[in-house]
Each structure stands twice: as structure tokens, then as C-alpha cells.
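> Before I ask anything, here is the structure I am working with.
The values are calculated or read from the model by the stated rules, or taken from the named source; none is laboratory data. Predicted, not measured: the structure shown is a model, and the values here were computed from it. Don't worry about glycine lacking a Cβ; one is built from the backbone with ideal geometry, like all the others, and counts go over all protein chains shown.
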There are 2 protein chains.
Amino acid sequence: MSKLQHLKERAFQNPEVRHEYDALAEEFEFIDTLLKMRTAAGLTQDELARRMGTQKSNISRLEKGGTNPSWGTLKRYAHACGFELSIDFHGA
Amino acid sequence: MSKLQHLKERAFQNPEVRHEYDALAEEFEFIDTLLKMRTAAGLTQDELARRMGTQKSNISRLEKGGTNPSWGTLKRYAHACGFELSIDFHGA
DNA sequence: TTGATTGTTATCATATGGGATAACTTTTAG
DNA sequence: CTAAAAGTTATCCCATATGATAACAATCAA
């Protein structure tokens with residue numbers, strides 16, 4: 001195992017660290033999903049914004065993370081990219 | 001085809017009607033997902049509310065629909081039920 | 001029936017999501 | 001290099017999601 005791996009494991013012993021890490025990982029994945037949709041649709045932020053009836057700055061804000069978008073906003077984002085969105089839950 | 005089916009098809013010619021219908025269907029499915037999580041966890045609204053650090057009245061409001069909850073709220077709901085939540089998109 | 005549990009509704013206060021605008025930085029094409 | 005396109009950041013404003021409390025209705029067991 002690499003030294004880095006070792007440090008990581010040690011750090012993960014701390015629940016605070018672990019939780020923070022997981023939260024970040026989730027957010028990355030979340031943003032990645034948005035970006036995948038937009039790039040799959042071949043749209044710029046500006047074009048997407050227009051389709052959603054909003055401004056590119058707001059799209060950027062969304063895609064930079066750190067916010068807590070509503071389900072409605074996410075659906076509109078998806079629709080503007082030509083997709084449907086669904087939630088599903090799975091055992092923790 | 002039943003008379004009812006026939007009426008339905010006629011009504012669906014109207015895009016307004018169609019859209020409204022789809023929106024309702026989506027919301028039903030959405031609420032159903034929430035309910036499925038809570039019942040799977042065997043929780044009452046009150047118990048769930050306590051786990052989420054809120055009130056049962058707010059849970060009821062959520063589950064009655066007509067609102068536009070944030071992604072964060074949905075995740076907290078799921079977590080309180082012992083689930084993880086994920087979004088995925090699929091071709092319209 | 002009656003009481004307890006569960007869910008609903010109404011209402012208020014507050015935090016924040018999201019719209020709008022403008023200036024700025026980064027990236028890309030010529 | 002330079003101009004245009006794409007993305008970012010800051011700010012203001014408003015609508016509304018959500019917390020809190022309380023009274024009410026519905027369900028269910030004893």
C-alpha cells in the first residue's frame with residue numbers, strides 16, 4: 001500500500017473526516033451528473049440557461065456546487081438537456 | 001377500447017391536458033417514492049420527523065405534494081429512513 | 001364508545017433558492 | 001496576438017421552502 005493510501009486510511013478513522021470526505025464525493029458525483037447531461041446535449045451554459053428561461057450565471061452557480069437546488073430546478077435542467085430525471089433510493 | 005379510454009385519448013390530443021396529466025403522474029410517483037421509503041423503514045411521520053430534526057407537520061406537507069423540496073431535504077428524508085438517494089437521467 | 005396514535009391543515013417567521021444584471025476571467029478560434 | 005465565446009463571480013431582490021406551534025381529523029385498538 002502506498003504511503004498516501006496509508007495516510008488516507010488513518011484519516012478515515014476519524015468519523016468527522018470520513019463524513020466530510022463522503023459529502024464531498026457525493027457533491028462531485030452530483031455535479032458530474034449535471035455536466036454529463038449538458039455535455040451530452042452539446043449545450044453551453046448560455047444555451048442551456050435560455051432553454052430553462054434563466055441566465056448563464058445561474059447555471060454556473062449550479063454547476064460550481066455548494067448550493068442546494070430544488071428538485072424542480074434539477075428537473076428543468078434535465079429537461080432542457082433532453083432528459084428525464086428520476087430519484088431512486090437504495091440501501092445505505 | 002372503453003369509452004373512458006376513448007375520452008382519454010381525445011383529451012390527450014390537447015397538449016395542455018397532456019402536460020398537466022404527465023406532471024400529475026410524475027408527482028404521484030414522486031410522493032410514492034417518499035412513502036415507500038418511510039414505510040419500508042417502518043416509521044411514522046412523527047418518528048421520521050424527529051430523526052430529521054423537524055416536525056411531523058412538515059413531513060405531512062412534504063408527502064402531500066404540491067411543494068418543491070430541495071435535494072438536501074430529500075436526502076435527509078432518505079437518510080432518516082436508512083437509504084441513500086441518487087439521481088439519474090435517462091433519455092426523454 | 002373512548003382514548004391514543006397517526007396524519008392533516010392553518011399560520012407565522014426566517015432562511016435561502018433562484019432570477020436578474022453586470023463586470024470579470026478563462027478558453028477557444030482566426 | 002486578438003477578438004469572440006464560454007464560464008465565473010458578486011450583488012441585489014423576491015418568492016418560497018422549511019422550521020415551529022397549535023388545533024383538528026382520521027384511524028385503530030381496548
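> Do any residues in segment B:73-92 that are more than 7 Å from chain A (Cβ to nearest Cβ) have Cβ atoms under 7 Å from those of residues that are outside any helix (DSSP H, G or I), where the two are at least six apart or on different chains, and which pairs are they?
Hits for this filter: B:75/B:85; B:81/B:43.
> Which is modelled with pLDDT of 95 or more, loosely packed, with under 15 Cβ neighbours inside 10 Å and part of a helix (DSSP H, G or I), of B:48, B:35?
None of the other options fit; the residue is B:35.
> Please pick out the residue among B:48, B:62 that is under 30 Å from residue A:36 (Cβ atoms) and within 14 Å of chain A (Cβ to nearest Cβ).
B:62
> Can I ask one more? If I ask for residues that are touching a Phe, Trp or Tyr at 6+ places or on another chain (Cβ under 8 Å) and either farther than 23 Å from residue B:75 by Cα or assigned to a strand (DSSP E or B) (or both), which ones from segment A:51-64 would you list?
Matches in segment A:51-64: A:52 only.
> Counting only residues that are within 12 Å of DNA strand C (Cβ to nearest atom) and in a helix (DSSP H, G or I), which one in segment A:65-92 is surrounded by the fewest Cβ atoms within 10 Å (Cβ to Cβ)?
So, considering only residues that are within 12 Å of DNA strand C (Cβ to nearest atom) and in a helix (DSSP H, G or I), the one surrounded by the fewest Cβ atoms within 10 Å (Cβ to Cβ) is A:72.
> Considering every residue within segment B:52-70, establish whether at least one is touching a Pro at 6+ places or on another chain (Cβ under 8 Å), under 15 Å from residue A:89 (Cβ atoms) and modelled with pLDDT of 95 or more.
yes
> Let me ask another. Residue A:9 - would you say it is of a type in the set (D, E, K, R) and facing chain B (nearest Cβ under 8 Å)?
When the stated conditions are applied, residue A:9 does not pass them.
> Is there any pair with a first residue in segment B:31-52 that is small (Gly, Ala, Ser) and a second that is more than 11 Å from DNA strand C (Cβ to nearest atom) and not in a helix (DSSP H, G or I) whose Cβ atoms are under 7 Å apart and which are 6 or more apart or on different chains, and what are they?
What qualifies is B:40/B:81; B:41/B:81; B:41/B:82.
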